[in-house]
1. Considering every Cα-Cα pair within the chain, what fraction, in whole percent, is farther apart than 15 Å?
2. Using the alpha-carbon atoms, what tilt in degrees (0 to 90, nearest 10) does helix 37-49 show relative to the longest principal axis of the chain?
3. For the pair residue 34/residue 7, report the inter-label distance in nm, with labels modelled 7 Å from Cα in the Cβ direction.
4. Can you give the relative contact order of the chain as a percent, counting alpha carbon pairs under 8 Å and 6+ residues apart?
Amino acid sequence: MPQEQLLKLIKNICRNKLVAIKPETLLFKEKVLDSMNILDLMGYIEKQLGRRLTDSEITASNFESIGKIEETFFKKL
C-alpha cells in the first residue's frame, strides 16, 4: 500500500486534523492517533492484508509512524 493511501486514511480517522502528517510523524507521541482510532487503522490494515493481525504484530512500535506501518505490513506484499 502506498504511503499516500496510509496518509489519507490516517487523516480521515485521526482526532487532530490540524497536525501536518508526514511518513515520519510519530503518530502516538504527536497525538495523531489514540487508543480508540488505532482500532480503525488496524481494521483497515487487516482488510487490505486479507487476514487478522497476529498478537506479535500488534505492538506500539509497529504503528509508530506511517513509514513503520508500511515497512511492517506492506513491504512483504
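Each reported figure results from applying straightforward, stated rules to the coordinates on display, with no laboratory input. Note that this is a predicted model, so its numbers are computed, not measured. Positions of Cβ are backbone-derived with ideal geometry, glycine not excepted, and every protein chain shown enters the neighbour counts.
1. 50
2. 40
3. 2.5
4. The value is 37 percent.
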